């Protein structure tokens, strides 16, 4: 766990435009409806927990930026190779549907998702262009060696910061 924390980006590395924050759970989704592929994957009606990968070891950091109203979140996890490979299956299922509805305590929120290849040296994975309640979000899920990494937030910020995040994970994983 501490090794994963060392791999996370810090607000000092990101510069003065970012401050560390805690993730806002207020109004978070409790269920996902309208996506038969996700329901089939989980064997019934999908809860929002189905979209969160759950791995043996995890670490995460969330940042606010003066450039975007969308939080930037980095999440790292390690587990067996099979669990790492399977972790993106729920978001892949959601992308197959293309659209769904998040059920929240504040009401239903329409979501659209499109999957694209992620091209970052030293990693393999996918990016997901999402629109959640009219707000564009990019979620990129990559495998960097034995670590599963996700970076989500404003699409431009994610694209700009992804190479540095991958490089840090790779460097720390190699003992650097």
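Since every read-out is calculated from the coordinates, none of them should be taken as a lab result. Quantities reported herein were computed from a predicted structural model and do not represent experimental measurements. Here the Cβ positions follow ideal geometry from the backbone for every residue, glycine too, while neighbour counts run over all protein chains shown.
What ranking do 168, 99 get, fewest neighbouring Cβ atoms within 10 angstrom at the top? Provide the component values of the computation, followed by the final result.
On the way: 168 20, 99 13.
Fewest to most other Cβ atoms nearby, the residues stand as 99, 168.
Give me the Debye-computed log₁₀ of I(q)/I(0) at q = 0.13 Å⁻¹ for the chain, equal point scatterers on Cα only, no solvent, two decimals.
After summing over all Cα pairs, the log10 values are -0.64.
Which semi-axes, in whole Å and largest first, does the equivalent ellipsoid of segment 107-176 have when worked out from the alpha carbon gyration tensor as the square roots of 5 times its eigenvalues? Show your work: numbers first, answer last.
Numbers: eigenvalues 136, 23, 20 Å².
They are 26, 11, 10 Å, listed largest first.
Take every Cα pair under 8 Å in the chain that's 6+ residues apart, average their separations, divide by the length, and report that relative contact order as a whole percent.
Relative contact order for the chain comes out at 22 percent.
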